Amino acid sequence: MPSCHFTVVFILALFSISTISTTPYYYSCSEDFFLMTRERNMKQCKKLSTLGFEFGWNYHNGSFIDVFIGAKLQYPVAGWMAWGVNPHDKPQMVGTRALIGIKHPNGSLIIKTYSITGDIKLGCKLLPSKIDVEVQNMKFEYSIQTQYYTIFATLSLPSVYNISRLNHLWQTGYAALGSEPKMHPSTLQNVDSSETINLYTGRSKQSVGVSRRHLRTAHAILNIIGWGVLMPSGVIAARYFKKFPFENMTRWWFCLHVSLQIGGYILGTSGWAIGLWLGGASKYYSFGAHRILAMLIFSFTSLQMFALCLRPKADDEYRKYWNIYHHFLGYALLVLISVNILEGIAILKADHTWRKIYIGLIVSITLALESVTWIKFLIYKLKRNAK
Ligand code: HEM
Ligand SMILES: *[C@@H]1O[C@H](CO)[C@@H](O)[C@H](O)[C@H]1NC(C)=O
Ligand SMILES: *[C@@H]1O[C@H](CO)[C@@H](O)[C@H](O)[C@H]1NC(C)=O
Ligand SMILES: *[C@@H]1O[C@H](CO)[C@@H](O)[C@H](O)[C@H]1NC(C)=O
């Protein structure tokens, strides 16, 4: 029992440390990009908050500006990179006047202007059009030395835009047909790619605030530890450690199992509640599958928790059926949980390393434990046959 408590306390401590040491945001830009902005005589530059984009600019007066956008992107065959301004009160996709550079499968780079209307979100084709911003010297280029794709342009903004609070956004996608860019991915990086910037000072107000970012981190950590680590460990305790370390330590595995599941349930439920809040707070997007899986996981784990009071006594004739049900639901939950954690990782960041690490861990732990059990079982059989 004390060792189980220790695990829970240790994990809680880890969690609080990781939320205190929050990552700082750097407003300057990378060295490679900085050198490129100098070549173009840009006076200011900064890293944008998502997708690895960086932004350089100059203002000549309140309406004449030069913009320079760059990012290290890897387009498999075709791809597109976009930057735009939105004259409405919010930095959102609909209503944006955009410059979109397209890399064609034959390797040529082409840039055009586009007006993004509400129909585009509903599935209409996004085709080049004139925009109310006057654009000169528009270029879409690739630098072999730095591996950056860049967009450059000189803009003359009509008076509806105010460069002390300019709504701008950036985006990238991995498919295009002729001059029609196809839908971008919808990870958080792709939907948080907008802000309101003051071009005089470089300060900006992100469309997603710092507190929301912290809550997302908390949501991810609580769920991964609660549902993803403690609960599976509880199942492992019940499946593999019934007779370990000594043959007659039945109470020991049971205490470990129950405290891991209770700890996992408490952490997971807090993470789930934060997730509910996050889902309610995001007006522009929703992640349907992630949400439904989360609801199922919460309901089924709650059902499993009833085991604490509803479990039939050991000599009850229903105990056998109850055990089958409890085990079946437990294993089904493990599947749902891992699928939803992968889904969550995909939403947070389209980065496959996390995914690979997580899958690798699950597969190796399962294989290791299962083979130990089977080896034990075979040795036991051999011994019995020898007798
Ligand atoms: C190529 C055609 C495009 C399609 C079909 C498309 C579709 C969508 C959809 C369906 C969403 C909502 C995502 C979700 O709910 O999961 C979205 C969000 C978003 N898109 Fe696009 N998009 C396109 C092009 C662009 C371009 C060129 C930009 C930037 C210049 C852009 C910037 C954004 C941003 C910032 C969001 C976040 C939410 C918002 O502001 O509404 N998109 N897009
Ligand atoms: C802003 O500067 C540009 C180029 O330097 C010039 O052509 C334009 O007339 C200026 N506009 C205003 C409103 O001063
Ligand atoms: C732009 O916005 C700032 C602050 O909101 C305001 O003080 C300024 O007068 C505005 N400029 C124009 C040209 O509308
Ligand atoms: C490459 O393909 C695009 C779109 O299909 C076309 O507009 C462009 O002219 C092509 N470039 C070359 C060099 O063939």
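We did not get these values from a lab; they are worked out from the coordinates using the rules stated. Model, not experiment: these values are computed from the prediction. No Cβ is skipped: glycine too gets one built from the backbone with ideal geometry, and neighbour counts run over all protein chains shown.
What three numbers, in Å, describe the spread of the alpha carbons of the chain along their principal axes, ordered from the longest?
90, 40, 39
Determine, for TRP354, TRP272, TRP374, the number of other Cβ atoms within 10 Å of each Cβ, and report the residues in order from fewest to most.
Details: TRP354 15, TRP272 21, TRP374 10.
With the fewest neighbours first, TRP354, TRP272, TRP374 line up as TRP374, TRP354, TRP272.
Of GLU141, GLU317, how do they rank once you tally other Cβ atoms within 10 Å and put the fewest first?
Numbers: GLU141 14, GLU317 7.
Final ranking by Cβ density, sparse to dense: GLU317, GLU141.
Considering Cα pairs under 8 angstrom that are at least six residues apart, work out the relative contact order of the chain and quote it in whole percent. Show your work: numbers first, answer last.
Values: 562 pairs, mean separation 49.9, N = 387.
Rounded, it is 13 percent for the chain.
How far, in nm, would the chain grow between LYS376 and HIS327 when pulled straight, counting 0.36 nm per residue and subtracting the alpha carbon separation?
On the way: separation 49, 0.36 × 49 = 17.64 nm, distance 2.14 nm.
So the chain would gain 15.5 nm between LYS376 and HIS327.
Using a Förster distance of 35 Å, how high is the FRET efficiency between HIS60 and THR146, based on the Cβ-Cβ distance and rounded to 0.05?
Details: r = 27 Å, r/R0 = 0.76.
Efficiency, rounded to the nearest 0.05: 0.85.
What distance in nm separates the two pseudo spin-label positions at LYS47 and LYS130, each 7 Å out from Cα along the beta-carbon direction?
4.1
Kindly rank 110-117, 124-131 from highest to lowest mean number of other beta carbons found within 10 Å of each residue. Kindly include the intermediate steps, with their values, before the conclusion.
Working: 110-117: 18.6, 124-131: 14.1.
Top to bottom by mean Cβ count within 10 Å: 110-117, 124-131.
Spin-label point model (7 Å from Cα, Cβ direction): what's the SER108 to SER159 distance in nm?
Placing both labels 7 Å along Cα→Cβ, they lie 4.1 nm apart.
Just to verify a number: FRET efficiency for LEU310 and THR353, C-beta to C-beta distance, R0 = 45 Å, to 0.05?
On the way: r = 42 Å, r/R0 = 0.94.
Once the sixth-power term is evaluated, E becomes 0.60.
Please work out the ratio of the alpha-carbon Rg of the range 211-386 to 2.2 N^0.38 Å and round it to two decimals.
On the way: Rg = 18.6 Å, N = 176, 2.2 N^0.38 = 15.7 Å.
After normalising by residue count via 2.2 N^0.38 Å, the value is 1.19.
Given a cut-off of 28 Å, name the pairs among LYS242/LYS356; LYS43/LYS205; LYS356/LYS376; LYS103/LYS205; LYS72/LYS182; LYS313/LYS381 whose C-alpha atoms lie farther apart than that in the structure shown. Numbers along the way, then the final one.
Values: LYS242/LYS356 31 Å; LYS43/LYS205 21 Å; LYS356/LYS376 30 Å; LYS103/LYS205 31 Å; LYS72/LYS182 20 Å; LYS313/LYS381 31 Å.
Too far apart for the 28 Å limit: LYS242/LYS356; LYS356/LYS376; LYS103/LYS205; LYS313/LYS381.
What is the magnitude of the charge dipole of the chain about its Cα centre, with +1 placed on the Cβ of each Lys and Arg, -1 on the Cβ of each Asp and Glu, and no other charges, expressed in debye to the nearest 20?
On the way: 39 positive and 20 negative charges, 222 e Å.
Charge dipole, the chain, about its Cα centre: 1060 debye, nearest 20.
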